[in-house]
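Novice: I'd like to ask you about the structure that follows.
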Amino acid sequence: MKILITGGAGFIGSHVVRQFVNNYPNYHIFNLDKLTYAGNLENLKDIENKPNYTFIKADITNETFINNLFEKHQFERVIHLAAESHVDRSILHPLAFVNTNVIGTIILLNAFKNTWEDNFKNKLFYHISTDEVYGALGQTGLFKETTAYHPNSPYSASKASSDHFVRAYGETYGIPYVITNCSNNYGPNQFPEKLIPLFINNIINNKPLPVYGDGNYTRDWLYVKDHAVAIDLVFHKGKNLETYNIGGFNEWKNINLVTLLCQQMDKKLNREKGASEKLITYVKDRPGHDLRYAIDASKINKELGWKPSVTFEQGLDKTIDWYLENEVWLKSVTSGDYQSYYDRQYS
Ligand code: NAD
Ligand code: TYD
């Protein structure tokens with residue numbers, strides 16, 4: 001089976017590519033990635049020479065290239081992760097999110113449709129999405145697969161739009177698809193613009209930890225390797241034309257999470273108790289900041305038997321260890337353009 005994985009050099013994508021390349025020697029995995037600031041082939045060093053793996057540097061918005069590529073390789077299945085993925089950047093540059101997340105997805109859908117429209121049997125377009133499409137929860141309740149879409153940021157609006165197009169292509173052209181909407185991921189290889197790796201990097205460098213607003217915003221955190229396993233399961237056993245929510249059963253208020261992270265970092269770095277917490281700095285809130293995300297993952301749990309394999313404390317421990325052991329990776333991704341983004345975002 002020829003599988004196209006888009007965005008495979010990014011954070012979640014690299015774990016998905018590894019999961020498939022290592023576990024399915026009979027599949028050929030084509031990883032297509034533009035290598036934006038968030039994509040990094042260092043993430044895949046351990047599998048880059050495997051016979052069932054090919055990397056293609058390309059932009060999903062390059063329609064001619066994508067059409068020719070599908071014609072050449074006839075990908076039977078697509079796992080689509082390529083996206084602009086950071087909310088704060090979407091507030092600075094919304095159009096980049098429309099281009100990649102909406103237009104790019106439609107270009108892939110078209111290429112897939114045109115390749116297989118006479119025979120969709122055993123074909124699949126698997127779209128990876130986010131819980132942020134559902135908008136913000138109050139203090140109670142959970143996002144279900146049936147929750148109405150109510151995106152509040154340019155990022156979540158672009159992801160919601162791409163989800164709608166995938167469903168529309170299913171209804172209109174009959175393409176077989178599945179969509180998963182996952183909660184916040186954390187773990188090795190995450191670019192240090194998102195909360196956990198940004199704060200780990202700042203603690204290492206004794207820099208302020210910029211907590212937005214009052215810190216009472218809540219997210220549901222999932223270890224990235226558990227997400228990759230869930231994607232594997234949905235890819236093989238998920239029902240055609242269905243949506244599955246994936247979550248960590250693991251809600252944390254930002255300030256409580258940051259406090260736990262500080263405590264674990266103090267131990268790892270042999271710093272005195274409370275040293276990292278002194279770096280916590282409350283800063284101006286994110287515009288349109290969603291109060292709370294929390295997933296009801298009972299459908300994937302009941303139908304496919306999936307549940308997270310690690311607790312948050314275990315996952316955070318592994319994550320911190322990875323960043324401490326991979327300081328070269330961390331230094332290389334925080335050189336160059338990173339500093340200008342950081343200054344603009346946090347000045
Ligand atoms: P990421 O930003 O780490 O990686 C995105 C990858 O896509 C990068 O390798 C980048 O080079 C590539 N890319 C970007 N634009 C491209 C283009 N035009 N053409 C080809 N490649 C391009 O993102 P991530 O956190 O790994 O997220 C992956 C997917 O999972 C996204 O679709 C995101 O919406 C979704 N998701 C993320 C989370 C999370 O917590 N990170 C949670 C739920 C869903
Ligand atoms: P983030 O990792 O950007 O994920 P998302 O916005 O997709 O949930 O942010 C997680 C939470 O942490 C969110 O409530 C915003 C907050 N946050 C901060 O308080 N400070 C920061 O510097 C960042 C990046 C995020």
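Novice: Roughly to the nearest percent, how much of the accessible area of the stretch 99-251 is carbon and sulfur, given a 1.4 Å probe? Kindly include the intermediate steps, with their values, before the conclusion.
Specialist: Working: 2650 of 5260 Å².
Reported share for carbon and sulfur atoms: 50 percent.
Novice: Let me spell out the model: positive unit charges on the Cβ of Lys and Arg, negative unit charges on the Cβ of Asp and Glu, origin at the Cα centre of the stretch 73-155. What dipole size does that give, in debye rounded to 20? Each step should come with its number before you reach the end.
Specialist: Values: 6 positive and 8 negative charges, 31 e Å.
Using only the charged Cβ atoms, the result is roughly 160 debye.
Novice: Using R₀ = 22 Å, calculate the FRET efficiency as 1/(1 + (r/R₀)^6) where r is the Cβ-Cβ separation of Thr281 and Tyr338; round to 0.05.
Specialist: On the way: r = 19 Å, r/R0 = 0.87.
For Thr281 and Tyr338, the calculated efficiency is 0.70.
Novice: Report the far tail of the P(r) of the stretch 1-117, meaning the percent of Cα-Cα pairs longer than 24 Å.
Specialist: Values: 1623 of 6786 pairs.
Summing the P(r) tail past 24 Å for the stretch 1-117 gives 24 percent.
Novice: As I understand it, the dipole of the chain uses +1 on the Cβ of Lys and Arg and -1 on the Cβ of Asp and Glu, about the Cα centre. Which of Leu304, Gly288, Ser129 lies farthest toward its positive end?
Specialist: It is Leu304, whose Cα lies furthest towards the positive end.
Novice: Could you name the aspartates and glutamates whose alpha carbon sits less than 12 Å from that of Lys237, not counting residues in the same chain fewer than 8 places away?
Specialist: Glu303
Novice: Roughly how many debye, to the nearest 20, is the charge dipole of the stretch 270-347 about its Cα centre, given +1 on each Lys and Arg Cβ, -1 on each Asp and Glu Cβ, and no other charges?
Specialist: Working: 12 positive and 13 negative charges, 45 e Å.
Roughly 220 debye, rounded to the nearest 20.
Novice: Further, regarding this structure: In the structure displayed, which of Lys57/Lys194; Lys225/Lys318; Lys144/Lys239; Lys144/Lys302 lie more than 19 Å apart, Cα to Cα? Don't skip to the answer; put the middle values down first.
Specialist: Values: Lys57/Lys194 24 Å; Lys225/Lys318 11 Å; Lys144/Lys239 17 Å; Lys144/Lys302 14 Å.
With Cα atoms farther than 19 Å apart: Lys57/Lys194.
Novice: Can you list the aspartates and glutamates whose alpha carbon is less than 14 Å from that of Lys159, not counting same-chain residues fewer than 8 positions off?
Specialist: Glu84, Asp131, Glu132
Novice: How big is the gap, in Å, between the Cα center of the stretch 146-165 and the Cα center of the stretch 1-44?
Specialist: One Cα centre to the other: 25 Å.
Novice: Going Cα to Cα from Lys113, which lysines come in below 17 Å? Please leave out same-chain ones fewer than 8 positions away.
Specialist: List returned: Lys2, Lys72, Lys121, Lys123.
Novice: Still on this model: Note down the magnitude of the dipole of the stretch 233-310 about its Cα centre, charges +1 on Lys and Arg C-beta and -1 on Asp and Glu C-beta and zero elsewhere, to the nearest 20 debye. The partial results should precede the final answer.
Specialist: On the way: 14 positive and 9 negative charges, 34 e Å.
Magnitude of the dipole: close to 160 debye.
Novice: Next up: Distance in nm between label sites at Glu63 and Asn122, each 7 Å beyond Cα in the beta-carbon direction?
Specialist: For the pair Glu63/Asn122, the computed spacing is 3.2 nm.
Novice: Size of the chain along its principal axes in angstrom, Cα-based, largest extent first?
Specialist: 65, 44, 38
Novice: Another question, if that's okay. Work from the charge dipole of the stretch 1-121 (Cβ charges, +1 for Lys and Arg, -1 for Asp and Glu, about the Cα centre) and give the residue of Asn114, Thr54, Gly7 farthest towards its positive end.
Specialist: Final value for the positive-end residue is Thr54.
Novice: Take the alpha-carbon centre of the stretch 314-332, take the same for the stretch 166-202, and report the distance between them in whole Å.
Specialist: If we compute the Cα centre of each part, the gap is 21 Å.
Novice: May I pose another question? At 222 nm, what helix-only mean residue ellipticity would the chain give, in deg cm²/dmol to the nearest 500, using -39500 (n - 2.57) for each DSSP H run of four or more?
Specialist: Values: 13 runs with 143 residues, N = 347.
Helices in the chain give a 222 nm mean residue ellipticity of -12500 deg cm²/dmol.
Novice: For the stretch 238-282, which trypsin sites (Lys or Arg not before Pro) pass both filters: DSSP loop (anything but H, G, I, E, B) and at most 12 other C-beta atoms within 10 Å? Write down the numbers at each step before the final one.
Specialist: Working: sites: Lys239, Lys253, Lys267, Lys268, Arg271, Lys273, Lys278; in loops: Lys239, Arg271, Lys273.
Passing sites in the stretch 238-282 are Lys239, Lys273.
Novice: Longest span of the chain, sites excluded, free of GluC sites (Glu not before Pro) in DSSP loop with at most 15 other C-beta atoms within 10 Å?
Specialist: Numbers: sites that count: Glu48, Glu117, Glu272.
Longest stretch, sites excluded: 118-271.
Novice: How far apart, in nm, are two points set 7 Å out from the Cα along the Cα-to-Cβ line at Asn240 and at Glu325?
Specialist: Using points 7 Å along Cα→Cβ, the separation is 4.3 nm.
The values are calculated or read from the model by the stated rules, or taken from the named source; none is laboratory data. Given the structure is predicted, the values throughout are model-derived calculations rather than measurements. Ideal geometry is used to build each Cβ from the backbone, glycine not excepted, and the neighbour counts take in all protein chains shown. The protein model used for the area step is the full one, side chains on, heavy atoms only, and it has no ligands, DNA or RNA in it. Shrake-Rupley method; radii C 1.70, N 1.55, O 1.52, S 1.80 Å.
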